[in-house]
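Q: Questions regarding the structure given below will be posed in turn.
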Amino acid sequence: MKKPCLRVLTLAVVSLGALAPSQAPSPLRAGTPVTLCLTDASAAALRAARIELAAVAPATLVSENGHPCVRTALATGRIDPDLSGPAPAAGGGFAFHRGQQRATFEDLAGAATPDRTLVTSAVHHGRRIDVFSSPSAQLKLFLTKVSAADIPMNLTRTGAAALAKDFTTSPLPANSTVFTGTADFDVLNQVADLLSGE
């Protein structure tokens, strides 16, 4: 085997070794966009209740393929290959409002449970609560990035209770898919540099 090929193979093995659960978690690049889009069903339920979606700065309200969305950005984060440990945190958040009534969820953060369910928490009335749960099966881990495309974000019972507190009754039932989440996080950039010879 030629030395250049041996070098690439060696680096590849070292790189894969870096993904072992026993190694330190991989940092995620701050500033990566994170987009949460209302599903058709949740948008219809909110319209029926005369409730509107709003963004909590620095997040912004955008539209994608006709869907109202909230776009924020990764503030801090790291990820372990087995999805354990602290997950990404994003700045800002989202709110639902109707007249003077308002339910605000800010300082979004993620974590994985022992059964590999992804949980999104937020601060609501000064207390951090678990708002959404998502299946980790749709989260794709690559050598240089973590990809999440249209991951369903299902409202927890705690999240539904928070909405009921602010609107008397929750416009969205527990376990319903409120948003789909999309993001691509860059990881292990130092390994990518080695493999590219930079």
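Q: Work out how much length residue 149 to residue 44 would gain on full extension: take 0.36 nm times their residue separation and subtract the Cα-Cα distance, in nm to one decimal.
A: Additional length available on full extension: 35.6 nm.
Q: Related question: ³J(HN,Hα) across segment 35-50 via Karplus (A = 6.51, B = -1.76, C = 1.60, θ = phi - 60°), whole Hz, x for Gly/Pro?
A: Values per residue, Gly and Pro as x: 10, 10, 10, 4, 6, 4, 5, 5, 4, 5, 5, 5, 4, 4, 8, 6 Hz.
Q: Between residue 165 and residue 52, 0.36 nm times their residue separation minus their Cα-Cα distance comes to what?
A: Computed gain between residue 165 and residue 52 is 39.0 nm.
Values in this text are rule-based calculations from the coordinates and carry no lab data. Note that the structure is predicted; figures quoted are calculated from it, not measured.
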